[in-house]
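Values in this text are rule-based calculations from the coordinates and carry no lab data. From a predicted model like this one, the values you see are computed outputs, not experimental measurements. Cβ coordinates were reconstructed from backbone atoms using ideal geometry, including for glycine residues, and neighbour counts include every protein chain displayed.
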Amino acid sequence: MTPTTSIGIDPGIVHTGVVILDLDPRYRIEAVEQDGQPLPSSAWRNPEGRMTVDLQQPLAKGMATTLRIR
């Protein structure tokens, strides 16, 4: 069984195309999905526990998306 985390994101205030998360670098990331669509491995990285995900499209204020990290 592969542990999975889903995170709902609503920028609320700013327009953003990147999400940054604090994620322990010891966790091996197999895949990242945005709203059920897989992101290419080039769209995410986790150097030193600072996971950065480049979204498929920038989110405008009030738009929501869900990231799934496996």
Exercise. Taking only the range 27-42 into account, find how many residues are assigned to a strand (DSSP E or B) and either among the aromatic types (F, W, Y) or surrounded by 14 or more Cβ atoms within 10 Å (Cβ to Cβ) (or both).
Key: 3
Practice problem: Just need a number here: residues in the range 15-26 that are under 28 Å from K61 (Cβ atoms) and not in a strand (DSSP E or B). | Solution: 2
Quiz item: If you go through the range 43-67 one residue at a time, how many are under 13 Å from L23 (Cα atoms) and in a strand (DSSP E or B)?
Solution: 6
